[in-house]
Amino acid sequence: MRAGELVAARLSGEITIAKVLEVEASRVRILLRQKKEARIPAERIVLATGIIVSHDDDVDRFKAEAEALTGSVDVEELWEVVRDESTALTLEDLAELSWGQGAEASQRVALLLQLDRETLYFVNEKGVYTPRSESAVEEIKTRREREARNAHDATALVDALTEGQLPPEMTPHQQILLRDVRGFAVHGDNYTRGPAVKSLLNGVQRATGDIQQLAFDLLVDAGVFSPDEPLELEREGIPEEFPEAALTEARAVDDTIAVADENRVDLTSEPTVTIDDAGTEDRDDALSLDVDGAGVYRVGIHITDAGTLISPGSALDIEADRRMATLYLPERKVPMLPSEVSTSKGSLQEGQPRIALSLLVRFDDARQVLDWKVTPSVVRSDAALTYEEADLAISDTGHSWHTTLAPLEEIASALRARREQAGALTLERSEMNISVDEDGRPDVRVIPRSTPSRQMVTEFMILCNSLMAEFCRDRKLPAAYRSQKSPDLSELGSDLPPGVELGNGALRWYSIIRRLTPAEIGTSPAPHGGLGVQAYIQTTSPLRRY
């Protein structure tokens with residue numbers, strides 16, 4: 001190799017025709033085209049033609065001549081001739097087979113170009129060519145055909161998405177790609193296949209430079225996502241659909257045997273009522289009241305017996321344990337249990353006998369607890385009231401439920417007063433409720449928490465959970481006890497600016513909340529200072545909290 005010689009060099013993975021300008025110890029300076037030079041390692045020179053040229057234009061002329069000859073090179077035909085040979089072949093060997101003895105430089109370069117472009121039939125290792133086996137060739141052909149189909153599917157999918165639709169019949173590969181686009185729209189750069197999705201959507205014209213937003217917008221236009229899709233659920237791995245095994249078990253739930261169990265106390269004759277927000281379907285607690293001849297009130301706090309309906313270790317139990325609680329969002333609800341349980345067999349529906357775990361507490365005229373017991377039971381709700389309806393029943397002496405709810409409210413008020421004397425904190429604050437209707441219109445309401453019926457239900461739930469804690473403690477049953485240290489309120493308001501009064505509103509409860517310590521969960525009972533009880537566990541709301 002010397003100055004002025006035409007050579008074939010490998011640059012950026014491709015064969016390029018160049019003219020040698022200078023040969024150094026280990027590198028070669030070459031002319032690629034007019035005024036375009038490169039300095040490359042000597043091993044990058046694949047073929048020295050032996051042709052010396054004086055003019056730079058000769059590079060382009062020789063290149064054109066070699067390119068014209070490539071059409072005469074049939075690599076497959078060469079492979080057919082030598083495929084059964086196990087020996088490797090040089091470029092000269094193949095040139096002789098293709099062009100005969102004494103192949104010209106342009107012919108050898110043409111063959112080199114074709115072998116470099118069509119790698120199906122030969123393996124090139126440092127300029128030595130080994131024919132592939134027939135099976136290897138077929139395997140590569142199959143792979144290339146699959147890649148071509150996949151590329152066509154990808155283009156068709158992107159074209160459809162840009163038109164605001166999906167392909168009429170999705171191929172398996174398009175389903176995978178759509179899944180990846182969805183995954184990227186949700187997780188962005190944290191999605192494993194994110195780079196592939198970026199490459200897929202890179203050519204789509206968009207108004208925003210945010211390609212993750214583009215993926216989301218395309219899926220919205222195609223009807224895969226809604227404009228307000230709750231992506232946070234998917235990001236956090238919160239499924240909306242239940243596993244089929246859990247659904248199968250939920251459909252098979254049958255409470256008829258449990259309802260007929262003679263070991264359960266039949267309380268279906270006692271006036272029983274559920275009180276919930278409007279629209280509630282998963283009714284998991286109810287109240288009843290019975291008065292004996294001596295004027296002793298017996299309050300029944302009935303919690304649906306979900307533990308009997310769901311077998312420990314079952315698919316339904318495992319899924320509920322994984323979800324832990326029902327998640328309430330403005331536009332939807334993600335339930336802990338399938339509706340077959342939460343709103344049907346497990347719900348204390350009006351007029352239906354249901355199994356429950358009942359806490360029966362007797363009170364004297366002074367509203368002091370005389371005694372109490374816990375028993376498996378069968379109950380039947382006689383009415384499903386909203387909080388507003390219950391408030392009316394408490395105040396209206398002519399209401400059909402007044403004689404039941406008014407005494408219950410009096411007992412609840414006495415319970416609350418005793419808790420406050422024991423140090424319970426009463427924070428009168430409203431609750432904001434945000435919902436979105438089917439047309440996407442938001443509805444924001446402020447719900448007062450201090451209405452008679454809401455306070456009544458709260459008191460009996462606290463009573464139930466505190467007595468259930470004592471039940472577990474006294475019988476040494478394992479339980480998750482909740483406790484909280486009483487806050488130090490001796491200097492409440494001392495840090496306020498001069499002239500600012502603490503008052504009894506938001507500033508007061510905010511100041512108190514700042515002094516509260518987090519509630520703790522443990523296996524040993526301890527006082528709950530915030531509630532003013534000696535022990536506390538959560539046994540209520542079993543349809544919504546595991």
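Here is how the numbers come out for the structure above:
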| quantity | calculated |
| --- | --- |
| Where a residue in segment 429-440 is farther than 30 Å from Ser511 by Cβ and touching a residue at least 60 places away in the same chain (Cβ under 8 Å) and its partner, wherever it lies, is assigned to a loop (DSSP other than H, G, I, E, B) and charged (D, E, K, R), with Cβ under 6 Å and at least six apart | Val436/Glu331 |
| Number of positions in segment 518-528 that are of a type outside the set (A, V, I, L, M, F, W, C) and loosely packed, with under 12 Cβ neighbours inside 10 Å | 4 |
| Cβ-Cβ under 8 Å pairs, at least 6 apart or on other chains, segment 68-95 side charged (D, E, K, R), far side surrounded by fewer than 18 Cβ atoms within 10 Å (Cβ to Cβ) and in a helix (DSSP H, G or I) | Arg83/Glu134 |
| Qualifying residue in segment 449-462 (condition: in contact with a Leu (Cβ under 8 Å, 6 or more places away or on another chain), hydroxyl-bearing (Ser, Thr, Tyr) and outside the structural domain of Ala286 (by TED's automatic domain parsing)) | yes |
| From the options Glu240, Glu249, Glu281, residue that is out of contact with any Gly (no Cβ under 7 Å at 6 or more places or on another chain), surrounded by 10 or more Cβ atoms within 10 Å (Cβ to Cβ) and either polar (S, T, N, Q) or assigned to a helix (DSSP H, G or I) (or both) | Glu249 |
| Extreme residue, farthest from Lys126 (Cα to Cα), among residues of segment 79-97 that are touching a Ser or Thr at 6+ places or on another chain (Cβ under 9 Å) and polar (S, T, N, Q) | Ser86 |
| Counted residues, segment 391-407 - those being over 20 Å from Arg298 (Cβ atoms) and assigned to a helix (DSSP H, G or I) | 3 |
| Positions within segment 46-58 being touching a Lys or Arg at 6+ places or on another chain (Cβ under 8 Å) and modelled with pLDDT of 90 or more, in sequence order | Val46, Leu47, Thr49, Ile52, Val53 |
| Segment 212-232 - residue that is surrounded by 15 or more Cβ atoms within 10 Å (Cβ to Cβ) and without any contact (Cβ under 8 Å) to a residue 24 or more places away in the chain and, of those, farthest from Leu329 (Cα to Cα) | Leu214 |
| Single match in Ala356, Ala366, Ala390, Ala384 (criterion: at pLDDT below 95, more than 22 Å from the chain's Cα centre (by Cα) and among the aliphatic types (A, V, I, L, M)) | Ala366 |
| Within segment 197-211, considering residues that are among the β-branched types (Val, Ile, Thr) and surrounded by 11 or more Cβ atoms within 10 Å (Cβ to Cβ), the one farthest from Glu331 (Cα to Cα) | Val204 |
| Some residue of segment 472-483 being in contact with a Leu (Cβ under 8 Å, 6 or more places away or on another chain) and modelled with pLDDT of 95 or more | no |
| Residue satisfying all of: in segment 165-185; touching a residue at least 40 places away in the same chain (Cβ under 8 Å) and assigned to a helix (DSSP H, G or I); farthest from Glu236 (Cα to Cα) among these | Leu178 |
| So Arg251, is it of a type outside the set (Gly, Ala, Ser), at pLDDT below 90 and in contact with a helix residue (DSSP H, G or I) (Cβ under 6 Å, 6 or more places away or on another chain) | no |
| Qualifying positions in segment 240-279 - within 27 Å of the chain's Cα centre (by Cα) and free of Cβ contacts under 8 Å to residues at least 40 places away in the same chain | Glu241, Glu244, Gly279 |
| Filter result for Ser106 (assigned to a helix (DSSP H, G or I), surrounded by 15 or more Cβ atoms within 10 Å (Cβ to Cβ) and touching an Asp or Glu at 6+ places or on another chain (Cβ under 7 Å)) | yes |
| Tally of residues being touching a Leu at 6+ places or on another chain (Cβ under 7 Å), free of Cβ contacts under 8 Å to residues at least 40 places away in the same chain, assigned to a loop (DSSP other than H, G, I, E, B) and not hydrophobic (A, V, I, L, M, F, W, C) across segment 499-546 | 1 |
| Top-ranked residue in segment 167-213 [being among the aliphatic types (A, V, I, L, M) and more than 17 Å from Val224 (Cβ to Cβ); ranked as nearest to the chain's Cα centre (by Cα)] | Ala196 |
| Qualifying residues in segment 296-317 (those that are β-branched (Val, Ile, Thr) and closer than 21 Å to Thr256 by Cβ) - the one surrounded by the fewest Cβ atoms within 10 Å (Cβ to Cβ) | Thr308 |
| Any hit, segment 448-467, residues being in a strand (DSSP E or B) and within 30 Å of Ile394 (Cα to Cα) | no |
| Counted residues, segment 14-30 - those being under 22 Å from Ala66 (Cα atoms), without any contact (Cβ under 8 Å) to a residue 40 or more places away in the chain and surrounded by 17 or more Cβ atoms within 10 Å (Cβ to Cβ) | 3 |
| Segment 469-498, residues that are without any contact (Cβ under 8 Å) to a residue 40 or more places away in the chain and either buried (at least 17 other Cβ atoms within 10 Å of the Cβ) or assigned to a helix (DSSP H, G or I) (or both) | Asp474 |
| Any chance Ser466 is closer than 24 Å to Arg283 by Cα, in contact with a Ser or Thr (Cβ under 9 Å, 6 or more places away or on another chain), crowded, with 18+ Cβ neighbours inside 10 Å and in contact (Cβ under 8 Å) with a residue 60 or more places away in the chain | no |
| Scope segment 307-327; condition in contact with a strand residue (DSSP E or B) (Cβ under 8 Å, 6 or more places away or on another chain) and either under 13 Å from Asp282 (Cα atoms) or outside any helix (DSSP H, G or I) (or both); matching residues | Met324, Ala325, Thr326, Leu327 |
| Some residue of segment 328-335 being assigned to a loop (DSSP other than H, G, I, E, B), over 24 Å from Ser453 (Cα atoms) and in contact with a Lys or Arg (Cβ under 9 Å, 6 or more places away or on another chain) | yes |
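The values are calculated or read from the model by the stated rules, or taken from the named source; none is laboratory data. Everything quoted here is computed from the prediction, not taken from an experiment. Because the Cβ atoms are built from the backbone with ideal geometry, glycine has one as well, and the counts that use them run over all protein chains shown.
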